[in-house]
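Novice: Got a structure here, written out as structure tokens. Questions coming.
The values are calculated or read from the model by the stated rules, or taken from the named source; none is laboratory data. This structure is a prediction, so every number in the text was calculated from the model and none was measured. Because the Cβ atoms are built from the backbone with ideal geometry, glycine has one as well, and the counts that use them run over all protein chains shown.
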């Protein structure tokens, strides 16, 4: 543990320069940035011979499927443009009526709590 007002005893002092504990490469790239890099790579269309980004090719394929009548492709495009449709949930619960405890029920609960407290003091004595 660290001492008050001083450095922790179990840590090595910082070494300037070539220290193997330093992360010189920096934080690893996130999954999103890796995906963006992959989707921005260029590919060549087999039919037309045109060069385009992978992301644009995926989008062109999705649009072509939607134009052919593919419901899933149409739904995906509309969800991305306009957002998913909100679904309303109607939940009807019966009204709960809470009644106060009578004296006998309250006494029984108090008795149970006292017994529970007594059993806990045997396990964890108070200081």
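Novice: Kindly list, by first and then second residue, each pair from a residue in the stretch 50-75 that is under 15 Å from residue 35 (Cβ atoms) to a residue that is part of a helix (DSSP H, G or I), limited to pairs with Cβ atoms under 7 Å and residues at least 6 apart or on different chains.
Specialist: 53/39; 54/38; 54/39; 55/39
Novice: Something else now. Would you confirm whether or not the stretch 2-16 contains a residue that is modelled with pLDDT under 80, within 33 Å of the chain's Cα centre (by Cα), farther than 30 Å from residue 76 by Cβ and part of a loop (DSSP other than H, G, I, E, B)? Before the answer, list the steps.
Specialist: Restricting attention to the stretch 2-16, the residues satisfying the condition of being modelled with pLDDT under 80 are 2-16.
Next, from what is left, pick out any that are within 33 Å of the chain's Cα centre (by Cα): none.
Scanning the stretch 2-16, I find no residue that is modelled with pLDDT under 80, within 33 Å of the chain's Cα centre (by Cα), farther than 30 Å from residue 76 by Cβ and part of a loop (DSSP other than H, G, I, E, B), so the answer is no.
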